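Working notes for the structure below.
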Amino acid sequence: MEKLCIKEKQLQPSRSVFHGIVHGLSCSPIGKIKIDVLFGDKDQFRCEAIWFEVVDLESPYHALVGRPTLAKIMDVPYYAYLKMKMPGTKGIITVSGDYKNSATCAAASSRLAESLVIAAERKLLDRVVAMAPKQPNLSPDPKESETQGSF
């Protein structure tokens, strides 16, 4: 938020929850904010007010545009070519992505996802280790275990 010069008091409440950013984990936004976004260049452009969810995550991506926004601006994404096409006042506006930047973001996201999954698994393992002393002591001798009961 600091890099975007957004103050916390500018955020409005949000009821969204993001699933699937990291497998098995979800996150809730801090809030949401409406920002004017300019697509295109000085000769052919389009300005749209878009709602952005503000999330406290370490992420290489600056913004993720969801399906409601794509529908609002009547955008057609071409994922393989890293391009978006949308109607403008003088015809079709094409917004092109950067392959090198995209690959860098994908690699960083992979490392982030891996670290978050490792942290979640470590938390679960710590909980199991903490519960271990509370379990009844069983003898390592199988004959003694049979007298204690089995299923």
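For the stretch 25-40, give me each residue that is without any contact (Cβ under 8 Å) to a residue 24 or more places away in the chain and touching an Asp or Glu at 6+ places or on another chain (Cβ under 8 Å). Hits for the stretch 25-40 are Gly31, Lys32, Asp36, Val37. Looking at the structure I just gave you, is Ala113 at pLDDT below 80, among the small types (Gly, Ala, Ser) and closer than 28 Å to Leu4 by Cα? Considered against the rule, which asks whether it is at pLDDT below 80, among the small types (Gly, Ala, Ser) and closer than 28 Å to Leu4 by Cα, Ala113 comes out as yes.
Whether any residue in the stretch 79-99 is more than 20 Å from Lys42 (Cα to Cα), β-branched (Val, Ile, Thr), out of contact with any Pro (no Cβ under 6 Å at 6 or more places or on another chain) and at pLDDT 80 or above is what I want to check. No, because not a single residue in the stretch 79-99 is more than 20 Å from Lys42 (Cα to Cα), β-branched (Val, Ile, Thr), out of contact with any Pro (no Cβ under 6 Å at 6 or more places or on another chain) and at pLDDT 80 or above. Among the residues of the stretch 8-27, those that are modelled with pLDDT of 80 or more, in a loop (DSSP other than H, G, I, E, B), of a type outside the set (A, V, I, L, M, F, W, C) and surrounded by 10 or more Cβ atoms within 10 Å (Cβ to Cβ) comprise Ser14, Ser16. When Ala130, Ala107 are checked against the criterion of being over 17 Å from Ser26 (Cα atoms), at pLDDT 75 or above and surrounded by 11 or more Cβ atoms within 10 Å (Cβ to Cβ), Ala107 stands alone in meeting it. Take the conditions (1) loosely packed, with under 11 Cβ neighbours inside 10 Å; (2) polar (S, T, N, Q); (3) modelled with pLDDT of 80 or more; Gln135 misses just one of them, which is (3).
The values are calculated or read from the model by the stated rules, or taken from the named source; none is laboratory data. Keep in mind that this is a model prediction, so the values were computed, not measured. FYI the Cβ positions are ideal-geometry reconstructions off the backbone, even for glycines, and counts take in every protein chain you see.
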